[in-house]
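The values are calculated or read from the model by the stated rules, or taken from the named source; none is laboratory data. Everything numeric in this text was worked out from a predicted model, so none of it was measured. Every residue, glycine as well, gets a Cβ built from its backbone with ideal geometry; the counts of neighbours run over all protein chains shown. Ligands, DNA and RNA are stripped out before the accessible areas are found, and what is left, the full protein with its side chains, is counted by its heavy atoms. Shrake-Rupley method; radii C 1.70, N 1.55, O 1.52, S 1.80 Å.
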Amino acid sequence: MKLRYMTGNEIRQTWINFFKDKGHAVEEGASLIPNNDPTLLWMNSGVAALKKYFDGRVVPKNPRIVNVQKCIRTNDIENVGNTARHHTFFEMMGNFSIGDYFRDDAISYGFELMTSEKYFGFSLDKLYFTYYPTDLETYQRWVDLGVSEDRLIASEDNFWEIGSGPCGPCTEIFYDRGSDYGDFNADSIKKNIENDRYVELWNIVLSQFNAIEGLPRSAYPELPSKNIDTGAGLERFASVIQNAKTNFETDLFMPIIKKISEISQVAYTGQKSFKVIADHIRTVTMAVSDGAMLSNEGRGYVLRRLLRRAVKYSKQLHIERPFLVELVDVVVEILKPFYPYITGKIDIVKKIIKTEENKFLETLLSGEKKLGELMEKSNNSISGEAAFLLYDTYGFPLELTMEYAEEKGCLVDVQGFKSEMEKQKDRARKARNETNSMAGQNEEYLNFVADSQFVGYETLVTKAKIIKVFPEGLVLDKTPFYATSGGQLADNGSIFNDDLTLNVIDVEKLPNGQFLHKTREELSLNFEGMDVIAKVDEFRRELTEYHHSATHLLFKALRDVLGDHVSQQGSQVSFDGLRFDFNHYESISDEVVLKVEKIVNEMIKDEYIATTRIMTVEEAKALGAIAEFGEKYGDYVRTIDLKYTLDLCGGTHVKNISDIGRFAIKSLSSIGSGIYRIEALANKMVSTLDHSLVGLNQDIDNLINKADKILLQAKRENIEVNFDFVKNHETIGSYQDVLNRRIELQRAQVAVKELEKEYNRLKEEKTLAKVSDLSEFTYGDKLIAILDNVNAQVLKQIADDEIAKNKIKFVFLASVVEDKIIFIAKSAIENLNAGQLVKQAAIICGGNGGGRADFAQAGGKDIEKVNEAINMIKELVL
């Protein structure tokens, strides 16, 4: 039976509509850049965006979820183009159940969606199903639905487990493409043999156990909340449904490949180069659209490598000019039906790609030059280290290096190159420690469903009842305390009555939405049922609100000054300041920072009443509301209108933007991969800006102290020097203070350097004048003397001057400076070795040293023996 043709977009929509009809909430896919998840470099699976539901931190409003998640994986980048199905960017379709339906329904849904003519309509005799050998319930469920036993394959690989936490057996659905795709049989599925005939389309994970280190799987305890996690690759579905030889011949890739063919004037016949370029330009386009930047570290390095790899493969198609930017429109045209936001990112994506491609073409020329130098120096061979240097620094693929080398009759140490590559991978793994493992579920939290109301928008103090005490904190029936979320840190304050006082030091959200109040004092179960007063620290809340509202205005100012591509990459607001992370593709000048600061201060001069409204997500988006980074929203959202910007935000804010009073940026820093961080202060906290300049002030004070010591020493030695520097203590409560301190530090550094230089020059002149007559230490053509408090530089000058007179042929000088002995020897006499002589003198004084036969320097510690050392030298040379 021939499959009904469907476009990639139709496949996505069919998937979503099916599960929507089964009562699933459609969850919008997350950004490719993970939010608050240091274990991930990229969003790399459908479940990665839903971790908080699976590990029990949050209970979703609807336990049934369907999504299509953008993903990036680059662990086997070299396979892109070599196989039919490897990609760096791909889309994972998934359906999920968080403690709702389990095995029977999950498998029934899979069977219906795959085989029903209403949906994908796969013929049952083309499908195979795997299961974990001990999971006989899954086996039986497929049989009950009509799957013949010869289509069911037991496999030890069918168990999903990554570290401690939720895990379980899985069942996969394979499609048999027929003998045209290789002489394989179904046994290749069981043995996990890579082939193009049997294509894995869907993996259904039955997450029912909690993996515990040290226990065998058979002893894993069951999860309190069993979950379903599935993943189906859109590109694979498209390949099979569109009867394409590989994923690259589907409508998700072919328009890009046709454009590459048009640019190169080379017909596409399945060449790897077309596939690599098409894959990589999709990845770079989507990642940059989501706010990633190209750089030399982290995810920025990954993107830079992909872009450069695409350029390198274009050489095989004889493309010798920048061209990748011409493919961006094609990528957007393919993906915009499902990701309409990318149309607004085209300009910035093109700008970044154009700049990077031009830069790399220049680097490639440098690499060719370096390779030429290596081949000239080599003895008909290029080492693995050299080949890797070309790959890592100049972007030369091993194949290109081997091609050039072959032309010149050189061999390349391929094994050595691979060894260096493995070392790099090991370093990357250790640096990132990437993992998908989830935290374990807290059954007590999950089962706690009592109602609790947040009243903190309206009041900071309320009567309440303690309804639950956990070991970690307590829950009130209503609370004015804000729990950490959306970047805003929790309120502090107190919970009290006549018999009890508890100091609240943190508040966090429980899975079912209640607020858990953590206290400094130990808690008792006896507290449950108590009537109390809950009171927020008003001063801290007020300061936090200034900083939160200022953060929104700062974000708006950054978009106005740098461009609409600027997106939030994280934030934190508290009573003592704000921190805002954002993306930008080039360095940011101090002038820009000052401009942004000025704009925010102009905004807060307005007497504008901040207003909040509850509305649907669609209404908010229609009004142009900006969402907080990484936040997921329900059907209704809270918006904050601060005149200059309308944002989705559940945090607490000022009543009037003029309440913010003052705003000062205290630092701008790069935190990697094209991500910048601004730290700033608002209202009363601006007066603490000087405290944040402590480091710079300390550096200036250290230099002044150093200058004072030089001046004191100069005074003792009757040397007149001037130190022309006066410290400026004034601050104006602006980023300009930071710049002024930096300039002041530079001035201090120059002034101290000049002071040292002048002091040393005058001291040297004075010392040389004092020792101008050394006749009493002269023995024929030899000069041997102990001089008082003369530094090494002056001793060297004296030695040089005496030898230059041509009367003296050997000089040996000693001086005690700050309880240390310096020995200098200079010899124009062949049988008197300066290096050996200073060494012997130094050894007598508990030191060491040496040097050349004509000149040497050494040091000693025991100043009492300096005369003994000099006498020894006299005995040896006179």
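Residues to consider are Ala622, Ala627, Ala680; find the one that is closer than 30 Å to Ser295 by Cα, open to solvent by 50 Å² or more (accessible area, probe 1.4 Å) and of a type outside the set (D, E, K, R). Full working, then the answer.
Values: Ala622 fails: closer than 30 Å to Ser295 by Cα; Ala680 fails: open to solvent by 50 Å² or more (accessible area, probe 1.4 Å).
The conditions single out Ala627.
Residues that are under 39 Å from the mean Cα position of the chain (by Cα) and among the hydroxyl-bearing types (Ser, Thr, Tyr): list the strands (runs of 3 or more DSSP E) wholly contained in the stretch 637-728 that include at least 1 such residues.
On the way: elements: 646-648, 663-672, 675-682.
Per the criteria, 663-672, 675-682.
Out of the residues in the stretch 357-385 that are in contact with a helix residue (DSSP H, G or I) (Cβ under 7 Å, 6 or more places away or on another chain) and of a type outside the set (A, V, I, L, M, F, W, C), state the one that is most open to solvent (accessible area, probe 1.4 Å). Restricting to residues being in contact with a helix residue (DSSP H, G or I) (Cβ under 7 Å, 6 or more places away or on another chain) and of a type outside the set (A, V, I, L, M, F, W, C), the top hit is Glu385. In the stretch 19-58, the qualifying residues are those that are more than 24 Å from Met286 (Cβ to Cβ) and touching a helix residue (DSSP H, G or I) at 6+ places or on another chain (Cβ under 7 Å), and the one that is modelled with the lowest pLDDT is Gly56.
Evaluation of Lys807 against the conditions (1) modelled with pLDDT under 90; (2) over 23 Å from Arg761 (Cβ atoms); (3) touching a helix residue (DSSP H, G or I) at 6+ places or on another chain (Cβ under 7 Å); (4) not hydrophobic (A, V, I, L, M, F, W, C) shows that the sole unmet condition is (3). Checking each residue in the stretch 564-586 for being within 22 Å of the chain's Cα centre (by Cα) and on the phi > 0 side of the Ramachandran plot picks out only Gly570. Considering only residues in the stretch 695-720 that are more than 17 Å from Gln749 (Cβ to Cβ) and of a type in the set (A, V, I, L, M), the one that is surrounded by the fewest Cβ atoms within 10 Å (Cβ to Cβ) turns out to be Leu712.
Identify, please: which residue in the stretch 440-463 is among the hydrophobic types (A, V, I, L, M, F, W, C) and closer than 23 Å to Thr612 by Cβ and is, among those, surrounded by the fewest Cβ atoms within 10 Å (Cβ to Cβ)? Steps first, answer last, please.
Just the residues of the stretch 440-463 that are among the hydrophobic types (A, V, I, L, M, F, W, C), to begin with: 446, 448-450, 454-455, 460-461.
Retained after the next criterion (residues that are closer than 23 Å to Thr612 by Cβ): 454-455, 460-461.
Numbers: Phe454: 18, Val455: 16, Leu460: 19, Val461: 14.
Out of the qualifying residues, it is Val461.
Contact annotation: residue pairs with Cβ atoms under 6 Å, 6 or more positions apart or on different chains, pairing a residue in the stretch 725-749 that is over 10 Å from Asp690 (Cα atoms) with a partner that is aromatic (Phe, Trp, Tyr), are Ala748/Phe725.
Per-residue answers, yes or no, for (1) farther than 21 Å from Arg73 by Cβ; (2) touching a strand residue (DSSP E or B) at 6+ places or on another chain (Cβ under 7 Å); (3) at pLDDT 90 or above; (4) open to solvent by 50 Å² or more (accessible area, probe 1.4 Å):
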residue: Arg308; (1), (2), (3), (4): no, no, no, no
residue: Ser314; (1), (2), (3), (4): yes, no, yes, no
residue: Arg321; (1), (2), (3), (4): yes, no, yes, yes
residue: Val325; (1), (2), (3), (4): yes, no, yes, no
residue: Leu335; (1), (2), (3), (4): no, no, yes, no
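Could you tell me whether Ala232 is open to solvent by less than 50 Å² (accessible area, probe 1.4 Å) and in contact with a helix residue (DSSP H, G or I) (Cβ under 6 Å, 6 or more places away or on another chain)? First the steps, then the outcome.
Numbers: open to solvent by less than 50 Å² (accessible area, probe 1.4 Å): yes; in contact with a helix residue (DSSP H, G or I) (Cβ under 6 Å, 6 or more places away or on another chain): no.
Judged against the criteria, Ala232 is not a match.
Evaluate the stretch 510-517: report whether one residue or more is open to solvent by less than 20 Å² (accessible area, probe 1.4 Å), in contact with a helix residue (DSSP H, G or I) (Cβ under 8 Å, 6 or more places away or on another chain) and either more than 25 Å from Asn35 (Cα to Cα) or modelled with pLDDT under 95 (or both). Yes, the stretch 510-517 contains at least one residue that is open to solvent by less than 20 Å² (accessible area, probe 1.4 Å), in contact with a helix residue (DSSP H, G or I) (Cβ under 8 Å, 6 or more places away or on another chain) and either more than 25 Å from Asn35 (Cα to Cα) or modelled with pLDDT under 95 (or both). For residues that are touching a residue at least 60 places away in the same chain (Cβ under 8 Å) and in a loop (DSSP other than H, G, I, E, B), tally how many sit in the stretch 190-217. Result for the stretch 190-217: 2.
Considering the conditions (1) at pLDDT 95 or above; (2) assigned to a loop (DSSP other than H, G, I, E, B); (3) more than 30 Å from Ala680 (Cβ to Cβ), Ala490 is excluded by exactly one of them, (3). Of everything in the stretch 61-75 that is under 30 Å from Arg103 (Cα atoms) and without any contact (Cβ under 8 Å) to a residue 40 or more places away in the chain, the residue that is least open to solvent (accessible area, probe 1.4 Å) is Cys71. Ser31 falls short on exactly one of the conditions (1) within 25 Å of Thr484 (Cβ to Cβ); (2) surrounded by fewer than 19 Cβ atoms within 10 Å (Cβ to Cβ); (3) of a type outside the set (D, E, K, R), and that condition is (2). The residues of the stretch 593-619 that are touching a helix residue (DSSP H, G or I) at 6+ places or on another chain (Cβ under 7 Å), of a type in the set (Val, Ile, Thr) and open to solvent by less than 40 Å² (accessible area, probe 1.4 Å), listed by number, are Val593, Val596, Val600, Ile604.
A count restricted to the stretch 171-223 and to residues that are among the basic types (Lys, Arg), over 38 Å from the mean Cα position of the chain (by Cα) and at pLDDT below 90 stands at 1. One residue alone among Asp105, Asp100 is among the charged types (D, E, K, R), under 38 Å from the mean Cα position of the chain (by Cα) and under 20 Å from Ser207 (Cα atoms), and that residue is Asp100. When residues in the stretch 576-616 are screened for being in contact (Cβ under 8 Å) with a residue 24 or more places away in the chain and assigned to a helix (DSSP H, G or I), 11 of them pass.
Just checking, does the stretch 334-349 include any residue being in a helix (DSSP H, G or I), farther than 28 Å from Gln265 by Cβ, without any contact (Cβ under 8 Å) to a residue 12 or more places away in the chain and among the polar types (S, T, N, Q)? There is at least one residue in the stretch 334-349 that is in a helix (DSSP H, G or I), farther than 28 Å from Gln265 by Cβ, without any contact (Cβ under 8 Å) to a residue 12 or more places away in the chain and among the polar types (S, T, N, Q). Taking each residue of the stretch 681-694 that is more than 22 Å from His552 (Cβ to Cβ) and looking for partners that are open to solvent by less than 60 Å² (accessible area, probe 1.4 Å) and assigned to a helix (DSSP H, G or I) with beta-carbon atoms closer than 6 Å, six or more apart or interchain, yields Leu693/Arg741. Taken over the stretch 1-54, the criterion of being without any contact (Cβ under 8 Å) to a residue 60 or more places away in the chain, small (Gly, Ala, Ser) and outside any loop (DSSP other than H, G, I, E, B) is satisfied by Ala25, Ala49.
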